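Participant: I am attaching a structure below and will ask some questions about it afterwards.
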Amino acid sequence: SQTIHQWPATLVQPVGSPLSLECTVEGTSNPNLYWYRQAAGRGLQLLFYSVGIGQISSEVPQNLSASRPQDRQFILSSKKLLLSDSGFYLCAWSVGLGDTEAFFGQGTRLTVV
Amino acid sequence: AQSVTQLGSHVSVSEGALVLLRCNYSSSVPPYLFWYVQYPNQGLQLLLKYTTGATLVKGINGFEAEFKKSETSFHLTKPSAHMSDAAEYFCAVSDQDDYKLSFGAGTTVTVRA
């Protein structure tokens, strides 16, 4: 069966510090991978998605970046965090085009102080 | 490009009462439509989806939704609310030839005893 792992679960970081959130998927090949951010009281905002190794599409210009060094690994990074980067970050995967279900990780609660 | 509007950020119902969550979408092509549920500090779980065929879709936990093309709507209902239904609900849309899933702002459901 397929599983998705996302860590850490919670993170408190000072303004200006770097960020690295990791997501890995097991049990499937060549998944589509996504990073979403959920800010307090707001919906889910798609940040990045990837349909293959090294292929990253950015939806929202900001100080975050994403990388896909392996087929089932998706990393969200920042060189210098801002207060506005606080939120709940969710990794997800799917297979195929738009008619398939997306499976979500448990999320990372990031607080920038 | 597609977008989703969820009417009402908060809905409060009595246990045993009807749950109705509203979702309207805009899409330039026939869409795929989804409802997801999120429990506190967790990822999202698929409730149901519409791709093609029957416009009344049944999902898990007694929920169902009806796709109405003329109204560009995909409202979610449950005849009798249970305390365990308290959660945040998201409507989402994707296009047939796209990898991206766009979410509404979410509706938080509270259930009164």
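Participant: Would you please give the FRET efficiency between A:GLN13 and B:ALA17, computed as 1/(1 + (r/R0)^6) with r the Cβ-Cβ distance and R0 = 45 Å, to the nearest 0.05?
Facilitator: Efficiency for this residue pair is about 0.55.
Participant: Do any residues of region B:39-74 show a loss of at least 20 square angstrom of accessible area between the isolated chain and the full protein assembly, using a 1.4 Å probe, and if so which?
Facilitator: Going by heavy-atom accessible area, the residues of region B:39-74 that drop by at least 20 Å² are B:ASN41, B:GLN42, B:GLY43, B:LEU44, B:LEU46, B:LYS49.
Participant: Tell me which of B:GLN42, B:VAL57, B:HIS82 sits at the most positive position along the dipole axis of region B:1-103, charges placed on C-beta atoms (Lys, Arg +1; Asp, Glu -1).
Facilitator: B:VAL57
Participant: Suppose R0 equals 30 Å; then what is the FRET efficiency for A:GLN70 and B:ALA86 from their Cβ-Cβ distance, rounded to the nearest 0.05?
Facilitator: In this case the efficiency is close to 0.20.
Participant: At each listed q (0.17, 0.21 Å⁻¹), what is the log10 of I(q)/I(0) that the Debye formula gives for chain B modelled as equal alpha-carbon point scatterers?
Facilitator: Treating every Cα as an identical point scatterer, log10 I(q)/I(0) equals -0.75, -1.13.
Participant: Carbon-plus-sulfur fraction of the accessible area of chain A, 1.4 Å probe, in percent?
Facilitator: Looking at chain A in its full context, I get 53 percent from C and S.
Participant: Buried accessible area between A and B (1.4 Å probe, both chains summed, ligands and nucleic acids excluded), in Å² to the nearest 100? Spell out each step's value before the answer.
Facilitator: Details: alone 6140 and 6150 Å², together 10430 Å².
When A and B are taken together, about 1800 Å² of accessible area is lost.
Participant: Would you give the gap between the C-alpha center of region A:48-113 and the C-alpha center of region B:73-88, rounded to a whole Å?
Facilitator: Each part's Cα centre sits 29 Å from the other's.
Participant: Still on this structure: Which ³J(HN,Hα) values in Hz, rounded to whole numbers, follow from the phi angles of region A:97-113 under the Karplus curve 6.51 cos²θ - 1.76 cosθ + 1.60, where θ = phi - 60° and Gly and Pro get x?
Facilitator: 8, x, 8, 9, 5, 9, 10, 9, x, 7, x, 10, 8, 9, 10, 9, 10
Participant: Please give the average number of partner chain Cβ atoms lying within 10 Å of the Cβ of each residue in B:101-110, rounded to a whole number.
Facilitator: Across the residues of B:101-110, the mean count of other-chain Cβ atoms within 10 Å is 4.
Participant: Could you work out how much longer the chain between A:ARG42 and A:GLU26 gets when fully extended? Use 0.36 nm per residue separation minus the Cα distance between them, nm to one decimal.
Facilitator: 2.8 nm
Participant: Then there is this: Skip the ligands, DNA and RNA, and give the accessible area per residue of chain B with a 1.4 Å probe, whole Å².
Facilitator: That works out to 46 Å² for each residue.
The values are calculated or read from the model by the stated rules, or taken from the named source; none is laboratory data. These numbers were taken from a predicted model, which means no experiment stands behind them. All Cβ positions, glycine included, derive from the backbone under ideal geometry; neighbour counts span all protein chains shown. What goes into the accessible areas is simple: the full protein's heavy atoms, side chains included, and nothing from ligands, DNA or RNA. Shrake-Rupley method; radii C 1.70, N 1.55, O 1.52, S 1.80 Å.
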